[in-house]
Amino acid sequence: MRKMMSLFVFLFAIIMPYSASAILSMELTRGVAGAIPIAVVPFAAQGEPSQDVSAIVSNDLQNSGRFKVFGKNVLTESPSDARDVSPDYFRRLGTDNVVVGKIESVGGDRYQVSFQLLDMFRGKGEAGVVLSKKYTVSSNELRSVSHHISDLIYEQLTGLRGIFSTKLAYVVVQRPANAPARYILEVSDQDGYNPRPLLTSPEPIMSPSWSPNGRQVAYVSFENRRAGIYIQDVITGARRLLSEFPGINGAPSWSPDGKQLALVLSKSGAPNIYIMDVNSGRLRQVTRDFYINTEPSWSPDGKSLLFTSNRGGRNPQIYQINLGSGAVSRISYDGDYNARGSYTRDGRHIAMIHRVSGIYKIAILDLDSGTTRVLTSSAGDSASPSIAPNGSMILYDTFYRNRNMLGMVSSDGRIQLVLPARNGEAQDPAWSPYLS
């Protein structure tokens with residue numbers, strides 16, 4: 001694992017820390033006891049749609065860990081409209097929540113996708129409908145509309161906005177036999193499908209960071225045998241070099257308004273935190289000392305930064321700097337190693353790397369109580385936590401089953417998933433913001 005086992009390795013990790021075959025395969029390893037039961041009836045399909053919408057919705061809800069899904073392998077009745085739903089059948093099955101729908105060809109490559117979410121407690125037929133929508137989309141948009149449907153159902157039943165339509169950015173490392181390693185910066189759907197390479201390089205790529213509007217990714221590339229920070233448009237692929245000073249150029253982090261990047265530079269000696277105006281390139285130095293200062297992360301209000309530093313002793317801890325006054329305060333105290341801190345959207349918690357008995361775990365720090373709760377349970381090291389935009393899940397990389405892959409854990413630790421890449425090892429993940 002890319003871990004900081006001493007200050008030397010800590011500094012080294014700052015400097016040096018695809019194709020569809022690299023697709024991630026989501027595997028739920030722990031879900032919520034007493035998850036919400038729901039039946040997702042196979043949608044009646046006209047024509048030959050390229051995607052099975054109801055199967056995608058079923059997988060989304062099942063893999064969220066918050067639902068117990070009754071799908072096509074269990075159901076013996078297949079209504080496609082609320083008027084045909086038998087409340088008695090679904091209650092005997094063990095659920096009052098039922099999803100039915102249709103996919104109808106409307107000419108050319110266009111389909112109308114309609115669905116209804118029913119609550120059997122509310123009554124039969126139309127009386128039981130709590131959510132009903134129709135969409136007309138192309139064949140290529142069927143998977144995205146499926147995720148959108150999952151988002152709506154998730155929010156209706158949990159009260160929390162869904163994250164199935166978000167994206168992931170991460171680095172895949174392929175090490176072919178008798179050939180140099182290959183690094184691929186990829187963007188995929190939240191469930192690992194539709195992976196698309198943004199950059200392929202024989203040199204390391206690291207630290208992807210999404211802009212607040214989800215249109216750009218900043219990252220570090222060593223493609224010219226030196227560290228450089230780039231910004232790349234996710235749609236067009238257009239990219240530009242922002243920073244290539246001598247020494248370290250690392251850990252880019254977008255401000256909440258998308259106008260600035262916090263980053264780590266060592267152009268004046270020790271690694272320090274700077275803020276760069278994205279349009280003008282103008283720099284402002286934030287920390288000014290000879291400690292190792294790295295991994296900046298913005299507060300939700302944009303008025304302060306978290307960062308990792310060894311200023312308190314040999315091992316790293318998390319600190320906060322007020323951007324107005326310059327005052328620095330220590331945030332983490334529990335344990336001898338805490339790093340890579342980032343705020344939840346409400347500003348009340350911090351996700352971070354926390355060492356327990358020599359193993360690096362993902363943990364969450366409650367700022368009100370000062371308590372630290374370890375979330376991950378695997379025996380392997382974990383790193384690079386990135387929080388989902390609704391705060392419900394944390395994405396990270398971990399050493400699992402003898403290779404590096406991505407994992408997800410809920411903010412209460414009750415839900416865990418792994419997402420192994422089918423061809424290579426995955427690392428340095430970043431969860432996108434909401435994209436609409």
> Going through the stretch 106-122 one residue at a time, which ones are open to solvent by 40 Å² or more (accessible area, probe 1.4 Å) and either in a strand (DSSP E or B) or basic (Lys, Arg) (or both)?
Replying inline: Arg110, Gln112, Arg122
>> With open to solvent by less than 30 Å² (accessible area, probe 1.4 Å) and of a type outside the set (Lys, Arg) as the only criterion, which of Asn322, Asn338 stands out?
In response: Asn338
> Any residue at all in the stretch 44-61 that is of a type in the set (D, E, K, R) and over 23 Å from Thr158 (Cα atoms)?
Replying inline: yes
> Do any strands (runs of 3 or more DSSP E) entirely within the stretch 200-261 hold 3 or more residues that are crowded, with 16+ Cβ neighbours inside 10 Å and not polar (S, T, N, Q), and if so, which?
Replying inline: 205-210, 216-221, 228-233, 249-254
>> Regarding the stretch 393-402, can at least one residue be identified that is closer than 23 Å to Phe307 by Cβ, touching a Lys or Arg at 6+ places or on another chain (Cβ under 8 Å), crowded, with 21+ Cβ neighbours inside 10 Å and of a type outside the set (Gly, Ala, Ser)?
In response: no
> Among the residues of the stretch 351-372 satisfying the criterion of being surrounded by 24 or more Cβ atoms within 10 Å (Cβ to Cβ) and in contact with a Phe, Trp or Tyr (Cβ under 6 Å, 6 or more places away or on another chain), which is farthest from Phe307 (Cα to Cα)?
Replying inline: Ile362
>> If I ask for residues that are open to solvent by 20 Å² or more (accessible area, probe 1.4 Å) and not acidic (Asp, Glu), which ones from the stretch 76-95 would you list?
In response: Thr76, Ser78, Ser80, Arg83, Ser86, Tyr89, Arg91, Arg92, Leu93, Gly94
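The values are calculated or read from the model by the stated rules, or taken from the named source; none is laboratory data. Values in this document were obtained by computation on a predicted structure and should not be read as measured data. Reconstructed Cβ throughout: ideal geometry from the backbone, glycine too, with neighbour counts over all protein chains shown. Heads up: the accessible areas ignore ligands, DNA and RNA and are worked out on the full protein's heavy atoms, side chains in. Shrake-Rupley method; radii C 1.70, N 1.55, O 1.52, S 1.80 Å.
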